[in-house]
1. Treat the count of other C-beta atoms within 10 Å as a stand-in for reagent exposure and order 63, 289 from fewest to most.
2. So, in nm, how far is label residue 214 from label residue 15 when the simple model puts each one 7 Å beyond its Cα toward the Cβ?
3. For the range 60-142, what is Rg from Cα atoms divided by 2.2 N^0.38 Å, rounded to two decimals?
4. Let me know the whole percent of all Cα-Cα pairs from the range 191-242 that are separated by more than 12 Å.
5. Subtract the Cα-Cα distance of residue 60 and residue 156 from 0.36 nm times their separation in residues, and report this length gain in nm to one decimal.
6. Give the distance, in whole Å, between the Cα centre of the range 60-125 and the Cα centre of the range 128-148.
7. Under 1.5 on a/c is rounded, so check that first for the range 225-291, then, if it is not, pick prolate when a/b is larger than b/c and oblate when it is not; a ≥ b ≥ c are the square roots of the alpha carbon gyration tensor eigenvalues.
8. Using 0.36 nm per residue of separation minus the Cα-Cα distance, give me the extension gain between residue 113 and residue 32 in nm, one decimal.
């Protein structure tokens, strides 16, 4: 299974041109993806540079054969009643079982500007991997307090999903909302985490927990883990932010990560960062998992 994740900066390149088509073309140049996870997708925000328009609709038109799921972290109306949305998008050509949109904590921090954040989750089936939860997110940039709370919530979402695998609900009649669900502990968590690997939130996401299928009192042994050291054990993260644009700091950093659950860690085959494109202020990240 091939996946690309990218903070698109509402598809605004460093040349100031907003182009969803260029984002798709550059993502496809990186990999013939089965799953595409995009952050900072906008609709209706006419005051943003480049006037992004309706980007979820643009992505659907540009990705024939894909199902496209948009989760709006910001979903509001301006003074004139115009609908405005900003959030994450997952597109896939693989069969989908379930879509979930999880609001993340938005703790008070009156010292900075901030906005709501969320995680979009799509449970799908890969021929190579079986059922997988693909989770994509975009954490707070300006508030470390909010960002850490959001990192903790992401870990808890994975723990809860693993608990449901161990103890699923009683199934009900097919064709009703209570019908049996596909639950899987196999997960990929990707996106723009707005923090370097030295941040406490990075460690929090990877904090171990006890397999809920084992008796109480067992040793914590499960976790989400950064896939980059698995693919490149002796190589620092390639930079994904501030590589060309130094508006937010002078030095390039890695803050766009892909975390994988335990069963998927041995199945990481390849992982790369596109270090050439300037279609956004972030660089896209690619991972391939297989047998």
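1. Ranking 63, 289 by Cβ neighbours within 10 Å, fewest first, gives 63, 289.
2. About 5.4 nm separates the two model spin labels.
3. So the range 60-142 has a normalised radius of gyration of 1.32.
4. Of all Cα-Cα distances in the range 191-242, 72 percent exceed 12 Å.
5. Extra length from residue 60 to residue 156 when fully extended: 31.5 nm.
6. Using only Cα atoms to place each centre, the spacing works out to 12 Å.
7. Since a/c reaches 1.5 and a/b is larger than b/c, the shape of the range 225-291 is classed as prolate.
8. That works out to 25.4 nm of additional length.
Laboratory data are not the source of any read-out in this text; all were calculated from the coordinates shown. Quantities reported herein were computed from a predicted structural model and do not represent experimental measurements. Every residue, glycine among them, receives a Cβ derived from its backbone with ideal geometry; neighbour counts consider all protein chains shown.
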